[in-house]
Amino acid sequence: MTEHTTLTKADFVSDTPAKWCPWCGDFIILSQLQNTFAKAWIPKEDFVVISGIGCAGRLPYYIDTYGFHTIHWRAPTIATGVKLSNPKLQTWIMTWDWDWLSIGANHLFHVMRKNIWVKILLFNNEIYALTKWQLSPTTERWRITKTTPIGSIDKPVDPIKFALWLECGFVARTIDTEIALTQTILDKATLVKGTVFVEILQNCVTFNSWTNSCIRNREIKEDYIIRLEHNKPLIFGKNKDKGLIIENFKAKVIEFNPESIPNNIAIYDEMSNEMAYIIGNMPKDWFPLPIWIFKSIDSASYEELYSEMLEETNIKNKSLEEILEDWETWEVK
Ligand SMILES: Cc1ncc(C[n+]2csc(CCOP(=O)(O)OP(=O)(O)O)c2C)c(N)n1
Ligand SMILES: [Mg+2]
């Protein structure tokens, strides 16, 4: 077993060099994950990274931990099995917009509903990239893609709303270009109990480099995003002259002179389900895009309840005959 106190980022770099398109944000995320693992004070053998199919599907090869590169949408089922057989393992699932929100949406639903103690990173580039530019469930309406040559009429799904609706305990959104923020979120994710869900917005440098351009452009982004800092007022804008107030359970943007911040500006509370719900449901067209941690609330995980149940019923020490005798059984003739 490796001593966790001596681990560095280099311990999590594998012999296989990462292969993605030049300038793809996946390189940054891989590097940040390696930083987080090195800092987590967890023995190297206790990390498992599980992926499905997508551009970053090969990520488990590039990070030197245990891992599985599984088939499309099956990462969560394998992760659930890993956690139930060895709950102490720190299990990370890598997934992408089509992989989980389309073919894998059913599994996403149940992992969150059951509160399996896994960390889910959703790389959202709003496109099928590996198969070269088809419409995904997060592609914006009216976008032209190979499968929507005159524009998409689909309403896109918002992964954050999905996670909040399923009462996922830790929900966060970042952008691959927000390097410090992503690192903060990943570091915190190692500590949280219950399902962790982090959406990482990206563009695809090859097929939709324009996607998310407003929130990635340093010159203008502060007018398009709002940072949800715990216990801090919800202020945004390049000149810090706009903010959110909450009235009748709805958010509203107000503008003000930055020298005198109005005292009715809402203060963000990441321990509040209600706050996360209001901010997470702000219509995208009229409000800045919230990034940072929407909520961070620990709750008993599925694995904990499962272990307790095994303990209380002493079922592990019983023979199959004893188990069958204890419960109502019948014979099919
Ligand atoms: C069961 C199955 N259906 C379809 C495919 C083909 N396929 C491979 S990757 C992909 C799209 C992946 O898109 P996304 O999940 O957004 O990941 P990205 O490529 O953008 O990283 C599809 C449709 C497959 N490999 N397996
Ligand atoms: Mg994609």
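Some notes on this structure:
- Rounded to 10°, Cα long-axis angle of helix 179-189 versus longest principal axis of the chain: 30 degrees
- Whole-number percent relative contact order across region 30-71, with pairs defined as alpha carbons under 8 Å at least 6 apart: 39 percent
- Modelled FRET efficiency - R0 56 Å, Asp15 with Ile315, Cβ distances, 0.05 increments: 0.85
- Accessible-area composition of region 4-216, carbon plus sulfur, in percent [1.4 Å probe]: 61 percent
- Among the GluC sites (Glu not before Pro) in region 218-296, those located in a DSSP loop and surrounded by at most 11 other Cβ atoms within 10 Å of their own Cβ are Glu219, Glu259.
- Probing with 1.4 Å while keeping every protein chain in the model, the per residue accessible area of the chain equals 52 Å².
- Separation of the alpha carbons by more than 27 angstrom is noted, of Lys146/Lys188; Lys119/Lys161; Lys19/Lys146; Lys240/Lys295; Lys155/Lys193; Lys88/Lys318, for Lys146/Lys188; Lys155/Lys193.
- Between helix 105-114 and the chain: long-axis angle, C-alpha atoms, 0 to 90°, nearest 10: 70 degrees
- DSSP beta bridges confined to region 219-333 are antiparallel in about 70 percent of cases.
- Loop-resident trypsin sites (Lys or Arg not before Pro) (DSSP state other than H, G, I, E or B) in region 84-118 with no more than 15 further Cβ atoms inside 10 Å of their Cβ: Lys88.
- Candidates per chymotrypsin sites (Phe, Trp or Tyr not before Pro) in region 1-97, loop by DSSP, up to 13 other Cβ within 10 Å: Trp23, Trp41
- Relative contact order (%) - region 67-113, alpha-carbon pairs under 8 angstrom, separation at least six: 46 percent
- The 3J(HN,Hα) values that the Karplus relation (6.51, -1.76, 1.60; θ = phi - 60°) gives for region 116-133 are, in residue order, 5, 7, 10, 10, 10, 10, 9, 7, 10, 9, 6, 6, 7, 9, 4, 9, 6, 6 Hz. Gly and Pro appear as x.
- Averaging over all projection directions, the Cα-based convex hull of the chain occupies 22.7 nm² in the image plane.
- Considering helices alone, the calculated mean residue ellipticity of the chain at 222 nm is -7500 deg cm²/dmol, with DSSP H runs of length four and up weighted by -39500 (n - 2.57) and normalised per residue.
- Kirkwood Rh in Å, taken over region 1-155 so that all alpha-carbon pairs contribute: 16.5 Å
- Computed with a 1.4 Å probe over protein heavy atoms only, the accessible area of Lys232 comes to about 100 Å².
- The angle between the Cα long axis of helix 302-313 and the longest principal axis of the Cα atoms of the chain comes to about 30 degrees, rounded to the nearest 10.
- Note: relative contact order over the chain, using C-alpha pairs below 8 Å and six or more positions apart, is 14 percent.
- FRET efficiency for the Glu331 to Arg113 pair, using the beta carbon distance and R₀ = 45 Å, is estimated at 0.85.
- Glu328, Glu126, ranked by accessible area, largest first (probe 1.4 Å): Glu328, Glu126
The values are calculated or read from the model by the stated rules, or taken from the named source; none is laboratory data. Not measured: the values here are computed from a predicted model. FYI the Cβ positions are ideal-geometry reconstructions off the backbone, even for glycines, and counts take in every protein chain you see. Side chains included, ligands, DNA and RNA excluded: accessible areas come from the protein's heavy atoms. Shrake-Rupley method; radii C 1.70, N 1.55, O 1.52, S 1.80 Å.
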